[in-house]
1. Just the residues that are open to solvent by 40 Å² or more (accessible area, probe 1.4 Å), within 16 Å of the ligand (Cβ to nearest atom) and either assigned to a loop (DSSP other than H, G, I, E, B) or among the polar types (S, T, N, Q) (or both), please, taken from segment 295-306.
2. Could you identify the single residue in Val188, Val125, Val172 that is under 23 Å from Phe312 (Cα atoms) and more than 24 Å from the chain's Cα centre (by Cα)?
3. Tell me the residue from Lys308, Lys325, Lys297 that is over 30 Å from Ser217 (Cβ atoms) and among the basic types (Lys, Arg), please.
4. Which is without any contact (Cβ under 8 Å) to a residue 40 or more places away in the chain, surrounded by fewer than 20 Cβ atoms within 10 Å (Cβ to Cβ), assigned to a strand (DSSP E or B) and in the same structural domain as Phe137 (by TED's automatic domain parsing), of Glu252, Glu256?
5. Look at Phe345 and say whether it is among the aromatic types (Phe, Trp, Tyr), open to solvent by 30 Å² or more (accessible area, probe 1.4 Å) and within 16 Å of the ligand (Cβ to nearest atom).
6. Restricting attention to segment 229-241, report how many residues are surrounded by fewer than 14 Cβ atoms within 10 Å (Cβ to Cβ) and among the basic types (Lys, Arg).
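The values are calculated or read from the model by the stated rules, or taken from the named source; none is laboratory data. Note that the coordinates shown come from a computational prediction; the quantities given were computed from them, not determined experimentally. Here the Cβ positions follow ideal geometry from the backbone for every residue, glycine too, while neighbour counts run over all protein chains shown. For accessibility, only protein heavy atoms count, side chains too; no ligands or nucleic acids. Shrake-Rupley method; radii C 1.70, N 1.55, O 1.52, S 1.80 Å.
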Amino acid sequence: MREELKKIETEALAEINSAGDKTSLEALRIKYLGRKGIVTDLFKKMALLSAAEKPEAGVLINAIKNTITASLDGKLGAASQAEEAKDRIDVTLPGVAGAPGKIHPITQTVNEICSVFVSLGFKIVEGPEIETEHYNFEALNIPLEHPSRDAFDTFYLKSTEKYLLRSHTSPVQARFMEKNKPPFSIIVPGRVYRPDATDASHSFMFHQIEGLVVGDSIKFSDLKGVLEIFAKQLFGKSTRMRFRPSFFPFTEPSAEVDISCILCGGQGSGTKGHSRCSLCGGKGWIEILGSGMVNPKVFKNVGYDPEKVTGFAFGMGVERIAILKYGISDIRLFFENDVRFLRQF
Ligand code: DAH
């Protein structure tokens with residue numbers, strides 16, 4: 001009997017020793033010490049022994065039970081520790097760094113332009129991208145027969161016909177004037193929409209920045225001064241400007257503003273044997289925005305007395321400015337979300 005008991009003990013200890021985790025150790029506890037376990041069974045079998053054999057057998061079986069229990073407990077403790085250690089965070093390991101994001105080049109350009117005007121005392125104002133015909137056109141003195149009001153040139157919302165996606169940021173001029181009294185200087189950044197076929201220089205959505213200054217003696221020379229500071233800050237101190245007569249229904253007089261070409265410096269001549277500059281086409285000038293003195297009709301439309309107030313306005317395309325500033329060849333690059341392009345800014 002002694003040998004049989006020894007064999008059970010040796011086998012049990014070997015099994016416990018090679019068990020790797022808590023689950024298999026628990027299974028072994030049941031196998032040997034459970035209600036129908038091998039050691040428990042030995043106690044039951046004692047009933048078959050003679051009265052003389054019983055005491056010794058009891059001592060031996062108890063000893064086996066204790067050895068197996070101790071071995072199981074020791075191994076279980078070690079296994080729990082190992083499992084806990086697996087879940088524990090090692091604070092001394094290097095962290096997993098998320099890839100840092102960047103501000104989109106268009107947003108960077110909007111921020112840069114706005115900060116020039118904010119430094120001149122302008123306030124940033126925004127308006128809705130879904131507009132009414134009234135604010136997008138009528139309030140700005142854009143007549144019914146104007147081509148920009150055609151369905152080919154403006155996105156009308158199907159459901160109502162009354163609403164459209166604003167085709168410029170100018171409607172915010174009228175919205176702001178209706179709610180505020182002069183004097184004020186505002187700058188209005190935002191998205192605008194036109195159903196243009198997409199190509200290297202056209203996108204159905206792009207960004208504009210509108211400016212509006214109204215007071216009791218605002219002059220054309222104020223417009224020139226403000227825009228000159230803007231152009232020099234954005235494109236460099238040596239940048240020159242010129243104003244060409246133009247027409248916009250909401251300004252009178254109106255002017256288109258050019259800056260001296262930032263590639264050839266206004267010379268018009270190309271590099272490396274090219275006779276003409278590739279950016280300005282030899283003209284020496286690049287158009288950057290539209291502007292003018294606010295049309296008295298616009299003042300009347302918003303309830304101002306045109307005899308008492310004057311003002312100037314201007315509007316520019318942000319993508320165009322960014323394209324010039326960074327020498328980008330295709331407007332679509334801004335909207336494709338290719339990080340290889342975006343990472344460069
Ligand atoms: N709204 C014009 C456009 O989208 C741009 C513009 C021109 C705005 C002259 C102005 C301005 O405020 O005075 O083409």
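1. At the first step, the residues of segment 295-306 found to be open to solvent by 40 Å² or more (accessible area, probe 1.4 Å) are 296-297, 300-301, 303, 305.
Of the ones still in play, those that are also within 16 Å of the ligand (Cβ to nearest atom) are 296-297, 301.
Selection gives Asn301 alone.
2. Numbers: Val188 fails: more than 24 Å from the chain's Cα centre (by Cα); Val125 fails: more than 24 Å from the chain's Cα centre (by Cα).
None of the other options fit; the residue is Val172.
3. On the way: Lys308 fails: over 30 Å from Ser217 (Cβ atoms); Lys297 fails: over 30 Å from Ser217 (Cβ atoms).
Result of the check over Lys308, Lys325, Lys297: Lys325.
4. On the way: Glu252 fails: without any contact (Cβ under 8 Å) to a residue 40 or more places away in the chain.
Matching residue, one of Glu252, Glu256: Glu256.
5. Values: among the aromatic types (Phe, Trp, Tyr): yes; open to solvent by 30 Å² or more (accessible area, probe 1.4 Å): yes; within 16 Å of the ligand (Cβ to nearest atom): no.
Taking the combined requirement at face value, the residue does not satisfy it.
6. Counting residues in segment 229-241 that are surrounded by fewer than 14 Cβ atoms within 10 Å (Cβ to Cβ) and among the basic types (Lys, Arg) gives 1.
To keep it simple, each residue is scored yes or no on (1) in a strand (DSSP E or B); (2) within 12 Å of the ligand (Cβ to nearest atom); (3) buried (at least 23 other Cβ atoms within 10 Å of the Cβ); (4) at pLDDT 95 or above.
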| residue | (1), (2), (3), (4) |
| --- | --- |
| Asp153 | no, yes, no, no |
| Thr160 | no, no, no, no |
| Thr169 | no, yes, yes, yes |
| Gly190 | yes, yes, no, yes |
| Pro195 | no, no, no, yes |
| Phe206 | yes, yes, no, yes |
| Glu210 | yes, yes, yes, yes |
| Val213 | yes, yes, yes, yes |
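The rows are residues; the columns are (1) outside the structural domain of Val188 (by TED's automatic domain parsing); (2) part of a loop (DSSP other than H, G, I, E, B); (3) among the hydroxyl-bearing types (Ser, Thr, Tyr); (4) within 16 Å of the ligand (Cβ to nearest atom).
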| residue | (1), (2), (3), (4) |
| --- | --- |
| Gly268 | no, yes, no, no |
| Met293 | no, no, no, yes |
| Lys308 | no, yes, no, no |
| Glu319 | no, no, no, yes |
| Ile323 | no, no, no, no |
| Ile328 | no, yes, no, no |
